[in-house]
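The values are calculated or read from the model by the stated rules, or taken from the named source; none is laboratory data. What you see is a predicted model, and the numbers here were worked out from it, not measured in a lab. Every residue, glycine as well, gets a Cβ built from its backbone with ideal geometry; the counts of neighbours run over all protein chains shown.
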Amino acid sequence: MIPFVAVVSLRNHQSRTFRLWIPLFLVWLLLLPLGILLSPFIFVACLFCRVNPFRGVALTWQILNALTDTRLEVENRSAGMSFHIL
Amino acid sequence: MNEHRRQILQMLADGKISADEAERLISASEESSGSSTETPFAPTKTRAKYLRVQVDTEGERDNDGPTKVNVRVPMQLLRAGVKLAYLIPSATLQKANMAMHEKGIPLDLTQIKPENLEDLVEQLNDLTVDVDQKEAGAKVKVRVFCE
């Protein structure tokens with residue numbers, strides 16, 4: 001399943017944590033019409049580059065699906081940041 | 001608690017070994033005890049789910065104290081990522097081959113099959129990279145492993 005939410009946590013030197021939930025499903029919803037509009041151009045570009053467009057779309061979908069559970073954390077005494085795709 | 005672990009903890013308490021060494025000894029003893037109970041015909045190797053990269057720095061390099069970086073990448077993402085190589089047109093692969101030959105790397109990218117790339121990712125399960133570096137008063141520890 002494609003990721004629906006990304007969580008960004010920021011911690012400052014006063015140990016205050018600011019957590020931001022990014023609703024990725026809204027991003028996908030916004031990108032969907034754009035993708036549909038651009039699909040003919042993408043198709044032509046794929047053919048021009050001799051790339052199978054259907055395979056390209058399938059791979060993009062697979063990569064989006066695989067993004068779930070990616071986590072990045074950077075911690076320091078004075079600050080910290082974490083990024084988690086759910 | 002088994003006898004090995006007790007001995008290691010005792011050595012740690014006596015200050016004969018550091019916490020890192022104790023952790024390594026405990027994991028080694030767990031691995032050896034785990035492998036001794038395995039039957040040779042029933043491999044218990046599980047498929048790794050994540051590729052982890054941990055970087056710990058401590059020392060005088062910066063004033064913010066120790067910095068820890070922890071990255072967890074799903075193996076599924078790596079598998080999907082290497083499949084992108086299927087999309088590379090053959091003309092581009094030829095160009096890359098020529099560029100690598102010029103640099104003295106005798107590798108023919110056109111010979112790499114999708115199965116080879118998947119095998120490559122599968123073999124990452126056994127990958128562990130540990131780098132300890134001490135330079136200019138700062139200690140950097142990098143660990144790359146699958147879990």
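Here are the numbers for this structure:
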item: Some residue of region B:59-77 being under 29 Å from A:Met81 (Cβ atoms), in contact (Cβ under 8 Å) with a residue 60 or more places away in the chain and assigned to a strand (DSSP E or B); result: yes
item: A:Thr17 vs. criteria in contact with a Ser or Thr (Cβ under 7 Å, 6 or more places away or on another chain) and closer than 30 Å to B:Gly65 by Cα; result: yes
item: Tally of residues being in contact with a strand residue (DSSP E or B) (Cβ under 9 Å, 6 or more places away or on another chain) and assigned to a helix (DSSP H, G or I) across region B:105-135; result: 3
item: Exclusive hit being at pLDDT below 90 and away from chain A (no Cβ under 13 Å), set B:Arg47, B:Arg79, B:Arg61; result: B:Arg47
item: Matching residues in region A:34-57 - criterion: being at the interface with chain B (Cβ under 9 Å from one of its Cβ atoms) and either part of a loop (DSSP other than H, G, I, E, B) or surrounded by fewer than 16 Cβ atoms within 10 Å (Cβ to Cβ) (or both); result: A:Cys49, A:Arg50, A:Val51, A:Asn52, A:Arg55
